[in-house]
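Trainee: Sharing a structure with you now.
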Amino acid sequence: MSDDIQHNATGFLSGFIARERIDVDVEVSSKKRLLEEVADLLTVHTDNLNRDTVFQILNERERLGSTGIGSGIAIPHGRIEGIEQPIICAMRLSESLNFDSIDDKPVVLVIGLLVPADADQTHLKILARLAGAFRDDEILATLKTCKDSSQLLDVLHGLQ
Amino acid sequence: MKIIILGAGQVGLSMAEILSRENNDITLVDSNQTELSGLQDRLDIRTVHGSASYPEILEQAGMEDADLVLAVTDKDEVNMTACQIAWTLFKTPKKIARIRAQEYLTHPEIFCNEAVPVDVIISPEALVTEQVLRLIEYPGALQVVDFAGGKIQLVAVKAYSGSPMVNHRVRELREHLPDTDARVAAIYRKESAIIPTGDTVIESGDEVFFVAAHADIPKVMQELLSVSKPGRKIILAGAGNIGFRLAQTLEKYNYQTKLIELNKNRAQYVSERLENTVVLSGNVADEELLIQENIENTEVYCALTNDDEANILSAMLAKQLGANRVMSLVNRPAYVDLMQSSVLDVALSPRLATIGSLLAHVRRGDVVAVHSLRRGAAEAIEAIAHGDPENSRVVGKRIDQIDLPQGASIGAILRGNDVLIAHDNIVIEAKDHVIIFVVDKTHIPKIERLFQVAATFI
C-alpha cells in the first residue's frame, strides 16, 4: 500500500464513516443476508434508525436494479427520513458473493450508503465519487487486501 | 433471486417452472413426497419434503437466504402461518400468500407485519371474478386486462368480417376515429403473431390486441366487431365462490342475472343473500332447464362450477342453444389449451390469472403489473421508468430510440393522470408507467434489464 493513501485522511468520505461501521471477513450466504448485515452496520449506534426499515429500503432499491458496480464492488444504498448527513458503512466479505452485478462478477467489497430523504447535491455526489474512485485498479487491489478494518477505514478515508 | 415456493399444486408447479427458467434459485416445499419426486431432475430446482409452515422445514428450505416466499399450499392457514414464521424468524423481505376464504379477505387490516405479515395477497377467485366482470362490460372481448389502476386497458377481440376496420390498414383507425387514440399492439393470425405496422391490413378472423384509455375502448371495439346492441341477460351456472361473488357484483349494475346451482342448500343460502338475482336449483347440463330459462336470448352464459368437464359441456350446450357468448371456468391446463379453438368464447383459467399477478412481484425492475396472455406465451407488462438519461436506458429516450427486443412494443404510457398512447416521438420521462406488450415471453429478461436503473441511481 502506498503511504500517501494510508495517511491521507482528507478524502471526500472523511467524517462520514465511523470506525464501528467497518467490518472485514464478514460471512454471508446470500444477497439477502448481505443486505441484512449492511442494515445492521448502518444502524450501529443510531437511536433514530430502525434496522428493519433500512433493510427494506435497501431491498427496494435493489429491486430497481442491482447496485453492483462491477469489479467485485457493490454500493447498496437508499434514501431515508430522519437523518441530516449521509451514513456510510463498509465491509469486506470472507468469500465473494453473486450480486447480479453489471459485469456478473461476484462482490467482495460492499459499501452501504444512506442519504437523507431530501438529499442535496453534495450527498448525491458521494455515490458517483465512490463509483469513480473504484475504477482505479490500484485502489481496488489495496481495498481487497487490507488486513483489518482500521486499514480499510484508512484507505476509504484517503479516497479523493 | 432466491425464491421459496410452498405447495406443489398447479400454481406452485407452474411458478417453479416459469421462474427456474428465468435465472432464479427455486426451492419447492410440499408435504407430499410423490408431488415432489422427479421434479428435481425435470426442473432445475431444489425440493424439500415437509410441512410448509414448520420453522425447521422453512430453515431447511433456505429461508434465511430467500428474497421471497410464495405460499401457495391449498390451505389458507398454512400459507398465513408460513409467512408469519418467515417474517418473525428470517425477516424475509417479500411474502406472498394465496388466500381463498372470503372470511379472511374481508379483513385486509389483518395483513400487516404487526399481525399476519403477508405483503401481497393473491386470491384466484377475486381475479377470475374481476376478469369476468370486465368481459361482461365489453361484449365481444376475448380478453380485457387493466393497467395503471384501470385507466388503460388492453383488449383482445376477434375482428369480425364486415366491421369497419376489416380489410383496412391499421393506420386508418385514426381516420375512422379522429378524436380517439388507440394502438394495435399485436395481431394473431392463424395462431401466429404479427407485430403490426401502420400498413398492416386487418383481416377477418384476426385476433387483435389493442391498447386504449378506458373510456375509448368501446369506440375502438365498434371498429372491429359487428354492430349489435348487447343484451342484458346473464346466466351464471354454479353458485360457488366465484358465481356468488359475480352475482353480488352484477346486482350493482343493470343486468338481469340468473344463477343456477345444483345443491339445494347452497341455492337457498345464496338466494337469501341476493336481491335482484333469480336463483334456480338445477343441473347446469340440463337442456330443458336452459331452454326454459330463455337461453337463446342470453348475452353471456358463464359456467363456473368446480367441475371442468361439466363446465365445458354446459357452455358448449348453451352456445348451441343460442347464447351469444359463453365462458367456462377451466382449471386443468391441458383443457385450457384445447378449449381455445373450440366453440367456447372464453376459457377462464384461475391458474393463468394467478400466475400473471404473481409474476408482477418477482420481475426485476419496478414492474407493477403483469398479465399472462395467449395461455402464457405472451405477456403484457406495466413498468415504471426511473432515473435520468445518465442511469436509465429508457428515460430521456424517444420511444423509437428504445432498444426493445424483437416482438415487444410499447402500447401506452401513464404520465401523472394522463394516458398517452404510444407514438414514436414520445419521450419517456421518469415515473412514467410504460405498458409493453411482449409476444414472446422469452424476451422478458431483456425488458427487465431495460427498465433497471444503473448502480449510481439514488
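Trainee: Please pick out the residue among A:Val54, A:Val107 that is under 20 Å from B:Arg364 (Cβ atoms), within 12 Å of chain B (Cβ to nearest Cβ) and not small (Gly, Ala, Ser). Quick ask: steps written out before the conclusion?
Mentor: Values: A:Val54 fails: under 20 Å from B:Arg364 (Cβ atoms).
After applying the criteria, what remains is A:Val107.
Trainee: Moving on. Just the residues that are more than 13 Å from every other protein chain (Cβ to nearest Cβ) and open to solvent by 60 Å² or more (accessible area, probe 1.4 Å), please, taken from the range A:74-93.
Mentor: A:Glu81, A:Glu84, A:Gln85 - these are the residues of the range A:74-93 that are more than 13 Å from every other protein chain (Cβ to nearest Cβ) and open to solvent by 60 Å² or more (accessible area, probe 1.4 Å).
Trainee: Mind listing just one residue for me: the one in the range B:428-453 that is open to solvent by 40 Å² or more (accessible area, probe 1.4 Å) and either in contact with a Cys (Cβ under 8 Å, 6 or more places away or on another chain) or closer than 21 Å to A:Ala131 by Cβ (or both) and, of those, modelled with the highest pLDDT? Reasoning before the result, please.
Mentor: Taking the range B:428-453 first, the residues open to solvent by 40 Å² or more (accessible area, probe 1.4 Å) are B:429-431, B:433, B:440-443, B:445-446, B:449.
Subset that is either in contact with a Cys (Cβ under 8 Å, 6 or more places away or on another chain) or closer than 21 Å to A:Ala131 by Cβ (or both): B:430, B:449.
On the way: B:Ala430: 96, B:Arg449: 90.
Selected residue: B:Ala430.
Trainee: Next question. What about A:Asp47, is it within 12 Å of the chain's Cα centre (by Cα) and more than 9 Å from chain B (Cβ to nearest Cβ)?
Mentor: On the way: within 12 Å of the chain's Cα centre (by Cα): no; more than 9 Å from chain B (Cβ to nearest Cβ): yes.
No; evaluated as a whole, the condition is false for this residue.
Trainee: When you go through (1) surrounded by fewer than 18 Cβ atoms within 10 Å (Cβ to Cβ); (2) more than 16 Å from the chain's Cα centre (by Cα); (3) more than 9 Å from every other protein chain (Cβ to nearest Cβ); (4) under 24 Å from A:Leu124 (Cα atoms) one by one for A:Ala18, which number turns out not to apply?
Mentor: (2)
Trainee: Taking the stated definitions as given, is A:Leu113 closer than 23 Å to B:Arg449 by Cα and facing chain B (nearest Cβ under 9 Å)?
Mentor: Details: closer than 23 Å to B:Arg449 by Cα: no; facing chain B (nearest Cβ under 9 Å): yes.
No; evaluated as a whole, the condition is false for this residue.
Trainee: Here's another thing I want to ask about it. Tally the residues that are free of Cβ contacts under 8 Å to residues at least 40 places away in the same chain and among the small types (Gly, Ala, Ser), restricting the search to the range A:83-99. Outline the logic, then answer.
Mentor: To start, the set of residues in the range A:83-99 that are free of Cβ contacts under 8 Å to residues at least 40 places away in the same chain comprises A:83-84, A:96.
Filter once more, so that each one left must be among the small types (Gly, Ala, Ser): A:96.
Here the count works out to 1.
Trainee: Got a sec? Which of A:Asp40, A:Asp23 is more than 9 Å from chain B (Cβ to nearest Cβ), open to solvent by 10 Å² or more (accessible area, probe 1.4 Å), touching a residue at least 60 places away in the same chain (Cβ under 8 Å) and not in a loop (DSSP other than H, G, I, E, B)? Even if it seems obvious, please write down each step before you answer.
Mentor: Details: A:Asp40 fails: touching a residue at least 60 places away in the same chain (Cβ under 8 Å).
Answer to the selection: A:Asp23.
Trainee: Hey, any hits in the range B:118-135 for a residue that's open to solvent by 30 Å² or more (accessible area, probe 1.4 Å), more than 23 Å from B:Ala378 (Cβ to Cβ) and either among the aliphatic types (A, V, I, L, M) or not in a loop (DSSP other than H, G, I, E, B) (or both)? Walk me through how you get there before you give the answer.
Mentor: So the first thing to find is which residues in the range B:118-135 are open to solvent by 30 Å² or more (accessible area, probe 1.4 Å), and the list is B:119, B:121, B:127, B:130-131, B:133-134.
In the following step, the residues that additionally are more than 23 Å from B:Ala378 (Cβ to Cβ) were identified as B:119, B:121.
The next check asks that each one be either among the aliphatic types (A, V, I, L, M) or not in a loop (DSSP other than H, G, I, E, B) (or both); those that pass are B:121.
Yes: one or more hits.
Trainee: Here's another thing I want to ask about it. Might you check whether a residue that is outside any helix (DSSP H, G or I) and open to solvent by 10 Å² or more (accessible area, probe 1.4 Å) occurs anywhere in the range B:76-90?
Mentor: Looking only at the range B:76-90, we keep the residues that are outside any helix (DSSP H, G or I), and these are none.
For the range B:76-90, residues outside any helix (DSSP H, G or I) and open to solvent by 10 Å² or more (accessible area, probe 1.4 Å): absent.
Trainee: With under 23 Å from the mean Cα position of the chain (by Cα) and either open to solvent by 20 Å² or more (accessible area, probe 1.4 Å) or within 14 Å of chain A (Cβ to nearest Cβ) (or both) as the only criterion, which of B:Ala385, B:Ala380, B:Ala408, B:Ala369 stands out?
Mentor: Numbers: B:Ala380 fails: either open to solvent by 20 Å² or more (accessible area, probe 1.4 Å) or within 14 Å of chain A (Cβ to nearest Cβ) (or both); B:Ala408 fails: either open to solvent by 20 Å² or more (accessible area, probe 1.4 Å) or within 14 Å of chain A (Cβ to nearest Cβ) (or both); B:Ala369 fails: either open to solvent by 20 Å² or more (accessible area, probe 1.4 Å) or within 14 Å of chain A (Cβ to nearest Cβ) (or both).
One residue alone meets the criteria, B:Ala385.
Trainee: Between residues in the range B:304-322 that are charged (D, E, K, R) and residues that are in a helix (DSSP H, G or I) and modelled with pLDDT under 95, which pairs lie under 8 Å by C-beta distance while being six or more apart or on different chains?
Mentor: B:Asp308/B:Tyr335
Trainee: Go through B:Gly7, B:Gly38 for me and flag whichever is without any contact (Cβ under 8 Å) to a residue 40 or more places away in the chain, at positive phi and away from chain A (no Cβ under 14 Å). Walk me through how you get there before you give the answer.
Mentor: Numbers: B:Gly7 fails: without any contact (Cβ under 8 Å) to a residue 40 or more places away in the chain.
Answer to the check: B:Gly38.
Trainee: Take the conditions in a helix (DSSP H, G or I), away from chain B (no Cβ under 14 Å) and either modelled with pLDDT of 85 or more or within 27 Å of A:Pro106 (Cβ to Cβ) (or both) and apply them to A:Ile5. Does it pass? Before the answer, list the steps.
Mentor: Values: in a helix (DSSP H, G or I): yes; away from chain B (no Cβ under 14 Å): yes; either modelled with pLDDT of 85 or more or within 27 Å of A:Pro106 (Cβ to Cβ) (or both): yes.
Here the answer is yes, as A:Ile5 does meet what is asked.
Trainee: Okay, next question. Of the numbered conditions (1) out of contact with any Cys (no Cβ under 6 Å at 6 or more places or on another chain); (2) within 14 Å of chain A (Cβ to nearest Cβ), B:Ala148 satisfies every one except a single condition; which is it?
Mentor: (2)
Trainee: Picking from B:Val145, B:Val155, which residue would you name as being modelled with pLDDT under 95, out of contact with any Gly (no Cβ under 7 Å at 6 or more places or on another chain), β-branched (Val, Ile, Thr) and buried (at least 18 other Cβ atoms within 10 Å of the Cβ)?
Mentor: On the way: B:Val155 fails: modelled with pLDDT under 95.
Only one candidate passes the filter, namely B:Val145.
Trainee: Could I ask something else about it? Out of (1) out of contact with any strand residue (DSSP E or B) (no Cβ under 8 Å at 6 or more places or on another chain); (2) part of a loop (DSSP other than H, G, I, E, B); (3) at pLDDT below 90, what's the single condition that is false for B:Arg351?
Mentor: Going through the list (1) out of contact with any strand residue (DSSP E or B) (no Cβ under 8 Å at 6 or more places or on another chain); (2) part of a loop (DSSP other than H, G, I, E, B); (3) at pLDDT below 90, B:Arg351 breaks only (2).
Trainee: Does B:Ala115 satisfy being out of contact with any Gly (no Cβ under 9 Å at 6 or more places or on another chain) and not in a helix (DSSP H, G or I)?
Mentor: Details: out of contact with any Gly (no Cβ under 9 Å at 6 or more places or on another chain): yes; not in a helix (DSSP H, G or I): yes.
Here the answer is yes, as B:Ala115 does meet what is asked.
The values are calculated or read from the model by the stated rules, or taken from the named source; none is laboratory data. Here the structure is a predicted model, which means the values were calculated and not measured. Every residue, glycine among them, receives a Cβ derived from its backbone with ideal geometry; neighbour counts consider all protein chains shown. Note: accessible area is taken over every heavy atom of the protein model, side chains too, but ligands, DNA and RNA are not part of it. Shrake-Rupley method; radii C 1.70, N 1.55, O 1.52, S 1.80 Å.
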